[in-house]
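Working notes, structure below.
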Amino acid sequence: MSDSITTERKYTEVDSKKILASIDQLNSGLTSQEKETKQILGEIYSIVIALDYVEKAYLRDLVSSSQYTNSVNKLLAQYKTYLGNEEVRKAFVDLDHFKRKYDIVASNAITRLERGIPITVEHAIVDAQDTGDTTISHNSAQRKGGYNGKDVAEATGNFITVMDALKLNYKAKDQLHPLLAELLLSINKVTQSDFEHRKELVNWIIKINKMRVEDTLSDNEIRELLFDLDLAYKSFYSLLE
């Protein structure tokens with residue numbers, strides 16, 4: 001029995017050495033930067049696959065909304081961080097190119113990466129336990145004007161922050177997307193009602209997320225976004241009355 005185990009270990013060690021030798025051969029002739037880029041592309045591939053599993057788990061009701069939201073936000077943050085590397089971004093090209101090059105079949109993950117926010121944030125889905133109440137009583141409290149003052153103040157402040165940022169000539173993806181995502185998240189804490197012009201905010205977040213890092217909004221687009229923000233803010237405020 002012990003001889004069999006020893007023989008198996010020897011074969012395993014031989015196989016491991018072969019795999020390591022193959023990896024070394026693939027990496028031979030690459031610069032340190034090229035090796036790092038290749039490794040990070042592998043990490044991005046893993047993120048796409050992991051994100052697809054999380055999306056499917058949520059759709060099958062295997063995880064709660066809060067667990068799903070936390071996981072997706074973490075994966076999206078890692079994805080954006082890796083693509084902050086200029087060399088990686090050049091090799092990555094764009095999501096469609098990356099998907100085709102590595103034959104990735106993960107439609108749920110691709111959709112989420114394109115939209116840039118969890119589905120719970122996009123559609124204002126909150127677990128009953130996250131609100132500290134049942135859905136029925138939460139909605140009833142909203143109809144009676146029982147909104148949390150702190151949450152309302154946070155959402156109002158975020159509306160003002162985004163509009164001020166645009167007036168200060170913020171127009172790049174990495175400047176605007178985090179602010180708009182934070183705004184939508186804060187709105188969802190106040191209400192899960194699909195009030196008028198909320199959809200326009202979601203559309204802007206998705207549009208900006210699809211921009212390349214070097215792209216910026218035009219002056220006309222900034223004016224349109226400010227206009228939609230103002231309408232959404234007025235609708236949000238009317239909801240609270």
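The values are calculated or read from the model by the stated rules, or taken from the named source; none is laboratory data. Just so it is clear, the model here is predicted, and its values are computed rather than measured. Glycine gets a Cβ as well: all are built from the backbone with ideal geometry, and neighbour counts include every protein chain shown. In case anyone asks, the SASA skips ligands and DNA or RNA and just uses the protein heavy atoms, side chains included. Shrake-Rupley method; radii C 1.70, N 1.55, O 1.52, S 1.80 Å.
The table for this structure:
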read-out: Every pair of residues 6+ apart whose Cβ atoms lie under 6 Å, when the first sits in the range 177-205 and is at positive phi while the second is open to solvent by 10 Å² or more (accessible area, probe 1.4 Å); value: 197/231; 197/235
read-out: Within the range 74-131, considering residues that are open to solvent by 80 Å² or more (accessible area, probe 1.4 Å), of a type in the set (Ser, Thr, Tyr) and assigned to a helix (DSSP H, G or I), the one farthest from residue 53 (Cα to Cα); value: 81
read-out: Single residue of 46, 71, 66 found to be buried (at least 16 other Cβ atoms within 10 Å of the Cβ), under 16 Å from the mean Cα position of the chain (by Cα), among the small types (Gly, Ala, Ser) and assigned to a helix (DSSP H, G or I); value: 71
read-out: Breaking point among (1) hydroxyl-bearing (Ser, Thr, Tyr); (2) farther than 25 Å from residue 93 by Cβ; (3) open to solvent by 50 Å² or more (accessible area, probe 1.4 Å), for residue 32; value: (2)
read-out: Residue in the range 44-58 that is closer than 19 Å to residue 205 by Cβ and of a type in the set (Asp, Glu) present; value: yes
